[in-house]
């Protein structure tokens, strides 16, 4: 402003300068606003809103601090007038951070992963996400290009061409004990981006997202929840071919919640066409009363979180399978003639519970180890009692290897999924 805070006698402003100062003052005041409805006036030309203008939205609690981005009001942070707290929009707040962005596919072939889920079955696909199908409802779940800027991968869920099953499938993200504790007694907001395939069949294009809770040990929702299957609100999202962001706010999550799951479900209609699918990306669940921008977690952080549920010795881009090669395999060498060998595999991180161990022969279609030097299989045993823990597993051969200096390999997967 042209005038100092104290106006001294003998230094009056001209009319034009005074008007400019008053306009600047009013502009500063109108750029800050608090109320239950969005402001329509700002410091721009003819009272227009301008980018960077603030609005404290008091229509919800906690209050949402929003900023005009030139087109719409976006979330900048929150102010809790009850507990006298505030937080920014980036605060590791996504409870689905392990793989809400569908960037981790270590159960398959990494970024090119495709899972064939047979009819009437339940199988994990993208890390932390499982699909439950019904009769005559074989499906495919695949990693595809992300739906939004900043997203590398998204998840496409498809009822296979010609399938006639019209039961309700479930694509779910079950929460672990520590994640359930984070939402007890809270209001949560779930948001996601999704689009329909060319032959998406549900009536009205509806995809239903639900937060379901129970009071037992963490399990998949399709297994059945203890204490009643109480869904905590749901959203019917009408999908189109255009990727769209959806969100809904839950009611208060029961304080005794120890089971919870984010579920996508739908009602297929008729016989599936060539692309009876939906693609979903950037799923976020947060303890807030309004959706905030998706919190994009660094890949390495998501990967470590996913490894608490599943880990493998295979290279990240190799789907676990028999006869898939020795890259990444556990290896040992016979130092003497007629030798046994063993492996103590320390998992990359502590797993959530003792995992189920599956062994893979790198060079044949069985679960034995492979003497690559001698081109022969070697029987092995997994110690399930004394050495298996959330941190490591002990594996040993149960047949001796006659030749000295033989290289013995085995591939292993550890599954601690809910």
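The values are calculated or read from the model by the stated rules, or taken from the named source; none is laboratory data. The structure presented is a predicted model; accordingly, all values stated were derived computationally and were not measured. Virtual Cβ from ideal backbone geometry, glycine too; neighbours counted across all protein chains shown.
Restricting attention to the stretch 292-310, which residues are surrounded by 20 or more Cβ atoms within 10 Å (Cβ to Cβ) and over 19 Å from residue 143 (Cβ atoms)?
292, 308
Among 257, 226, 279, 242, which is touching a residue at least 24 places away in the same chain (Cβ under 8 Å), in contact with a strand residue (DSSP E or B) (Cβ under 7 Å, 6 or more places away or on another chain) and under 18 Å from residue 159 (Cα atoms)? Walk me through how you get there before you give the answer.
Values: 257 fails: under 18 Å from residue 159 (Cα atoms); 226 fails: under 18 Å from residue 159 (Cα atoms); 242 fails: under 18 Å from residue 159 (Cα atoms).
Selected residue: 279, the only one of 257, 226, 279, 242 that is touching a residue at least 24 places away in the same chain (Cβ under 8 Å), in contact with a strand residue (DSSP E or B) (Cβ under 7 Å, 6 or more places away or on another chain) and under 18 Å from residue 159 (Cα atoms).
With respect to residue 292, is the statement that it is modelled with pLDDT of 95 or more and in a loop (DSSP other than H, G, I, E, B) true?
Considered against the rule, which asks whether it is modelled with pLDDT of 95 or more and in a loop (DSSP other than H, G, I, E, B), residue 292 comes out as no.
Does residue 164 count as assigned by TED's automatic domain parsing to the domain that holds residue 241, in a loop (DSSP other than H, G, I, E, B) and more than 19 Å from residue 352 (Cβ to Cβ)?
Numbers: assigned by TED's automatic domain parsing to the domain that holds residue 241: yes; in a loop (DSSP other than H, G, I, E, B): yes; more than 19 Å from residue 352 (Cβ to Cβ): yes.
It is true that residue 164 is assigned by TED's automatic domain parsing to the domain that holds residue 241, in a loop (DSSP other than H, G, I, E, B) and more than 19 Å from residue 352 (Cβ to Cβ).
To keep it simple, each residue is scored yes or no on (1) under 21 Å from residue 404 (Cα atoms); (2) part of a strand (DSSP E or B); (3) modelled with pLDDT under 95.
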position: 336; (1), (2), (3): yes, no, yes
position: 349; (1), (2), (3): no, no, no
position: 359; (1), (2), (3): no, yes, no
position: 362; (1), (2), (3): yes, no, no
position: 366; (1), (2), (3): no, no, no
position: 370; (1), (2), (3): yes, yes, no
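Give the residues of the stretch 137-161 that are without any contact (Cβ under 8 Å) to a residue 24 or more places away in the chain and not in a loop (DSSP other than H, G, I, E, B), sorted by residue number.
We begin by selecting, within the stretch 137-161, every residue without any contact (Cβ under 8 Å) to a residue 24 or more places away in the chain; these are 145, 149.
Answer for the stretch 137-161, where residues must be without any contact (Cβ under 8 Å) to a residue 24 or more places away in the chain and not in a loop (DSSP other than H, G, I, E, B): just 145.
Please find, among 334, 338, 358, the residue that is on the phi > 0 side of the Ramachandran plot and assigned by TED's automatic domain parsing to the domain that holds residue 408. Write out each step before concluding.
On the way: 334 fails: on the phi > 0 side of the Ramachandran plot; 358 fails: on the phi > 0 side of the Ramachandran plot.
After applying the criteria, what remains is 338.
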